[in-house]
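Accompanying notes for the structure given below.
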Protein chains: 2
Amino acid sequence: MLNTITTRPTRPELVADWEHLFKVFIRPEDDDCKAVLIKYMERILFGLHDFQKTYVGITEAKSLKDLSEAFINTIISENPEKKLADVITCLIKEIAPHAVNVASPYFVGHMTSAIPFFMVHLKTIVAALNQNVVKLETSKVLSVIEKQVIAKIHRLIYNKDQKFYDENVQNADTTLGTFVEGGTTANLTALWVARNKRFAPKNGFSGIEAEGLAAAYKAYGIDRCVVLVSRLGHYSLRKSAGVLGIGNRNVIPIELDERNKVDLGGLKKAINEFKSDSRTCVLAVVGIAGATETGTVDPLEDLADICREHKIHFHVDAAWGGPTLFSQQYKHLLKGIDRADSVTIDGHKQFYMPMSCGMLYLSDPASMDAIAYYANYVNRMGSVDLGIKTLAGSREANSLILDCALKIMGKKGYSLLINHGIETAAAFADEIRKRDTFELVSVPELNILTYRICPADIREKLAASTNENDRRRINETLNNINRDLQRIQREAGNSFVSRTTLRLCRHPEEDIVVLRCVIMNPMTTLDILREILDEQETIFKSRLADML
Amino acid sequence: MLNTITTRPTRPELVADWEHLFKVFIRPEDDDCKAVLIKYMERILFGLHDFQKTYVGITEAKSLKDLSEAFINTIISENPEKKLADVITCLIKEIAPHAVNVASPYFVGHMTSAIPFFMVHLKTIVAALNQNVVKLETSKVLSVIEKQVIAKIHRLIYNKDQKFYDENVQNADTTLGTFVEGGTTANLTALWVARNKRFAPKNGFSGIEAEGLAAAYKAYGIDRCVVLVSRLGHYSLRKSAGVLGIGNRNVIPIELDERNKVDLGGLKKAINEFKSDSRTCVLAVVGIAGATETGTVDPLEDLADICREHKIHFHVDAAWGGPTLFSQQYKHLLKGIDRADSVTIDGHKQFYMPMSCGMLYLSDPASMDAIAYYANYVNRMGSVDLGIKTLAGSREANSLILDCALKIMGKKGYSLLINHGIETAAAFADEIRKRDTFELVSVPELNILTYRICPADIREKLAASTNENDRRRINETLNNINRDLQRIQREAGNSFVSRTTLRLCRHPEEDIVVLRCVIMNPMTTLDILREILDEQETIFKSRLADML
């Protein structure tokens, strides 16, 4: 079936002419076409969860190789290849089944999951309005709404007083935050702001943004900048340092404590060592609020103290964990986040918004002045154009989706999701502990946990072993088993957990392959997670146990 | 009416509980709600052009100040504020009228315009699938389709042989291009690639991405990098140089010739001067294919020759003009683009895709290796994960929209749009020339032109003037008139042209405020443009002429 997608010949009756063009701009080609569109769009808009129900994971009969072979034609046809209704039909019948059913409650491997069906409606409206929030002239009320929703989330994080928000919510000169493409560009923007504030203009020097990094280092008498973050820091921090000219090697990984949080002793030691060299500058410390691999949260209050003492920019990467602030029961886990200079939060993660939506928030409404850009045709000085202080130029009005979602869900609606994830992860951890076949590797603090196949007798052997080579050999075998297990389960297609490689506090020299679960779908129950464990046990016992 | 948006009290019956939550995740609250949604979604999906018909520009009674005052509440409510159907109703009835009607054929001021209605359907499907193309495990077939459509556009630009595309279209190790958020991040990525290739690892130096820019300059024995582009280069190039640590002051503006193209003599002179200083490196030359302000195209073939001679990275910013390649009649205007090392094209501009979609294409399929990043949990070495070589992490599958659009439109469909824009702009220029009140400032090469109010007698006076102060005084008055005119017309709300400030080749020391038209909406006819000129004449004669 798939091959028909690419080999179906161009139908001679399809000609690109003005009549055709007006139709695709304004309305369906004919009533039949409209009927087909309505049929499918209604399925898409109201039946998100039934839509791919028969498929889960990257699982269907076609291998990636076979799939690739069907998509090799690189010539754009002269005339239309297909009518709109046929394109939509093909998408639903032939493409969607080969996509990944991230909405399934059995898909617990990544930070991409089911989204409320209304999010698709809101995205549709944003697309139909096609506003460009780079400037007021192409967005008007959407820019105003964006400023308001940014202030709302800023208040959730920083909780400053009413006067502060009254002064800033619609203030054209100040910026409480910005919408960006995702967590990576949010982290990049945070370090960009920190870099530019650190190497600000001074006598005879016009600032790093104007003169460049080499000139800035010279003007400030240093040779090197470092950014400190625990070993669990997201790779986007390295990428950001690379892009910004700081060098990704200068993102210094700090060791973990036993709870997978940054080791404060190690951090202080590193700061003191770097500060003892007057040619090195500690640009920023990054605290993680929801590590990608383990979901753990660094001790933000302590990090804030350390950063204040040493006058270092304190950034919190809460791309994952930020919405925990909605939960009365669990918001204490992020205590200290209100003392961060900047905070990353992703909309497409635990705000359950469609891809792609990231955000950056700043404690100081003047911080982003350090990255302002103007042009004659857009972002004029003194205007409220939102493109002045942000990495991107043109961008869609995703802020409208968040604003509406907050109204539809309320804090309590999001809180239910957060609580469900955290509590289901804790129950799942208990279940793993009960089963002899598994070892819980990272205890969940939020809604992410890691574990591995490691039968009780092997665990005892590892615990008793004093010979490092023995340990390593056993762990290598376990790594192969867990790698194979994850692949076999994924290919079977009933469920999907991901895998990553961790280095544990107690044996930081050893790579440990672990299975990783992210519990964000409210339909994911403990029973479903038990089924996933059952399947893993079956696969292990029937196909992999003899590797031990 | 607007005030009711924020002051309507939270309805006590709305409570966030699990029942509510399941409903918003899976289906409308009740049949009434579904009926409302269907009513509006059908309007949105099939009536894009009727949708905002009564409004154009940023025009309604509410001033920005009044509008802002309605959006100052910064507290997120505990329980849901509104039912979904009420939120959608409010969007349609109370928010949309205060958005900008960019789809109107009378909205000719910016590069944001009407999009074919099917684009909204496709965006809806992308949102519903919610795939994340950062990795195969959350996108599968969408990653394969993305590679294919990238190869299609690469072929449109570079037209290499069949063997080249067969080898690369689905090759996991090579990269013909990448989807990014927009033109800004495309230009940033191009300069990032150029920077990293120029300061590659060598004996004792691990490369600029790892060690940073200061170490790189030291290793290569230089103090400064420059990027050369005509004065009409987009401000994102300065921003990119700022972000990358090169310094935005090191984007060197080259003067224009009389046709608003980069002056080749000036460029060569600059290159020779910079190259005579062994401590300065000319990192890249940027050719513009469709300048933001004038739509003009630099002589790409000549720039390619110069860059080859001097071994400089040649980037073409075709964010606007790229799709001119679809037109048999006009693709010659971009001759030489196939010799660029990298090319920026925006999907949300002349591919008529919804916001936000940019793209970068690379001549050499190995170029992007210079910016590759890996992590244990995503983008593993050797995988086909598309997140390895791109600025962003998580991102939506906009490539699917482009792929479908190419099938629905065909090359000829896009060509009709391109030809209409270019030919209508030419006819509009003739119309401006015919009218005594106006001066055509930049002759359209593509579909953008600039002009100003400058009555025939004033033009004669300016041409005859030998006194610089006289000239300046007259131009300042004209600037004020044109600034006021643009504002008055915008506020009247029947149509929208933008304004910018140019420096002309013949008087590069003078700032000239011009009116700017972008003809991309196929519904924008010469008659409509005549109406816009009529209105401008009326405003000028009735309200502004006495300023002269």
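The values are calculated or read from the model by the stated rules, or taken from the named source; none is laboratory data. Since the structure is predicted, the reported quantities are computational estimates derived from the model, not experimental observations. In this analysis, Cβ positions are derived from the backbone assuming ideal geometry, glycine residues included, and neighbour counts consider all displayed protein chains.
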What tally of residues in segment B:371-387 results from selecting those that are surrounded by fewer than 24 Cβ atoms within 10 Å (Cβ to Cβ) and closer than 20 Å to B:Asn130 by Cα? 4
Residue count for segment A:526-543, restricted to those that are over 27 Å from the mean Cα position of the chain (by Cα) and either of a type in the set (Val, Ile, Thr) or not assigned by TED's automatic domain parsing to the domain that holds A:Gly493 (or both): 2
Do we find a residue being of a type in the set (Gly, Ala, Ser), within 13 Å of chain A (Cβ to nearest Cβ) and surrounded by fewer than 22 Cβ atoms within 10 Å (Cβ to Cβ) anywhere in segment B:354-370? yes
Do we have B:Gly387 as in a loop (DSSP other than H, G, I, E, B), within 14 Å of chain A (Cβ to nearest Cβ) and under 30 Å from the mean Cα position of the chain (by Cα) here? yes
Segment B:405-420 residues that are at the interface with chain A (Cβ under 7 Å from one of its Cβ atoms) and in contact (Cβ under 8 Å) with a residue 24 or more places away in the chain, paired with ones that are part of a helix (DSSP H, G or I) and of a type in the set (Phe, Trp, Tyr) (beta carbon under 7 Å, 6 or more apart): B:Ile408/B:Phe118; B:Lys411/B:Phe326; B:Leu416/A:Trp18
Of the candidates A:Ala492, A:Ala456, A:Ala463, the one satisfying the condition of being touching a residue at least 60 places away in the same chain (Cβ under 8 Å) and out of contact with any His (no Cβ under 9 Å at 6 or more places or on another chain) is A:Ala492
Condition met for B:Asp430 (over 19 Å from B:His348 (Cβ atoms), assigned by TED's automatic domain parsing to the domain that holds B:Met520 and in a helix (DSSP H, G or I)): yes
Residue satisfying all of: in segment B:496-539; basic (Lys, Arg) and surrounded by fewer than 24 Cβ atoms within 10 Å (Cβ to Cβ); farthest from the other protein chains (Cβ to nearest Cβ) among these: B:Arg530
Give the residue that is surrounded by the fewest Cβ atoms within 10 Å (Cβ to Cβ), with candidates limited to residues of segment B:337-353 that are of a type outside the set (A, V, I, L, M, F, W, C), away from chain A (no Cβ under 14 Å) and touching a residue at least 40 places away in the same chain (Cβ under 8 Å). B:Asp338
Suppose the filter is modelled with pLDDT of 90 or more and at the interface with another protein chain (Cβ under 7 Å from one of its Cβ atoms); does B:Ile44 pass it? no
Out of the residues in segment A:134-159 that are more than 7 Å from chain B (Cβ to nearest Cβ) and within 22 Å of the chain's Cα centre (by Cα), state the one that is surrounded by the fewest Cβ atoms within 10 Å (Cβ to Cβ). A:Tyr158
Being of a type in the set (S, T, N, Q), more than 8 Å from chain A (Cβ to nearest Cβ) and in contact with a Phe, Trp or Tyr (Cβ under 6 Å, 6 or more places away or on another chain) is the filter here; which residues of segment B:65-103 pass it? B:Asn101
For segment A:292-376, which fully contained strands (runs of 3 or more DSSP E) count at least 2 residues that are assigned by TED's automatic domain parsing to the domain that holds A:Leu391, of a type in the set (S, T, N, Q) and under 17 Å from A:Gly233 (Cβ atoms)? A:342-346
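Conditions (1) closer than 27 Å to B:Lys163 by Cα; (2) within 20 Å of the chain's Cα centre (by Cα), marked per residue:
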site	(1), (2)
B:Thr280	no, no
B:Pro323	yes, yes
B:Tyr330	no, no
B:Gln350	no, yes
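Yes/no matrix, rows are residues, columns are (1) assigned to a helix (DSSP H, G or I); (2) surrounded by 22 or more Cβ atoms within 10 Å (Cβ to Cβ); (3) at pLDDT below 95; (4) touching an Asp or Glu at 6+ places or on another chain (Cβ under 7 Å):
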{"residue": "B:Leu440", "(1), (2), (3), (4)": "no, no, no, no"}
{"residue": "B:Tyr451", "(1), (2), (3), (4)": "no, yes, no, yes"}
{"residue": "B:Thr466", "(1), (2), (3), (4)": "no, no, yes, no"}
{"residue": "B:Ile474", "(1), (2), (3), (4)": "yes, no, no, no"}
Can you name every residue in segment B:274-302 that is of a type in the set (S, T, N, Q) and closer than 20 Å to B:Ile208 by Cβ? B:Ser278, B:Thr280
Residue count, segment A:104-129, condition small (Gly, Ala, Ser), more than 7 Å from chain B (Cβ to nearest Cβ) and surrounded by fewer than 24 Cβ atoms within 10 Å (Cβ to Cβ), comes to 1
Just to be sure I understand the filter: pairs with C-beta atoms under 6 Å, separated by 6 or more residues or on different chains, first member in segment B:466-484 and within 15 Å of B:Tyr451 (Cα to Cα), second member outside any helix (DSSP H, G or I). Which pairs pass? B:Asn475/B:Glu510; B:Leu478/B:Cys454; B:Asn479/B:Val513; B:Ile481/B:Ile453; B:Asn482/B:Arg452; B:Asn482/B:Ile453; B:Asn482/B:Val513; B:Arg483/B:Val513
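Rundown of residues vs (1) crowded, with 24+ Cβ neighbours inside 10 Å; (2) closer than 21 Å to A:Leu188 by Cα; (3) within 8 Å of chain A (Cβ to nearest Cβ), yes/no style:
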{"position": "B:Glu181", "(1), (2), (3)": "yes, yes, yes"}
{"position": "B:Thr184", "(1), (2), (3)": "yes, yes, yes"}
{"position": "B:Tyr220", "(1), (2), (3)": "no, no, no"}
{"position": "B:Leu237", "(1), (2), (3)": "yes, yes, no"}
{"position": "B:Gly247", "(1), (2), (3)": "yes, yes, yes"}
{"position": "B:Asp257", "(1), (2), (3)": "no, no, no"}
{"position": "B:Lys269", "(1), (2), (3)": "no, no, no"}
{"position": "B:Asn272", "(1), (2), (3)": "no, no, no"}
{"position": "B:Asp277", "(1), (2), (3)": "no, no, no"}
Can you say whether B:Arg483 is part of a helix (DSSP H, G or I) and over 21 Å from B:Thr538 (Cα atoms), as far as the supplied structure shows? no
Matching option when the condition is more than 22 Å from B:Leu362 (Cβ to Cβ), in contact with a helix residue (DSSP H, G or I) (Cβ under 7 Å, 6 or more places away or on another chain) and of a type in the set (S, T, N, Q), among B:Asn272, B:Asn250: B:Asn250
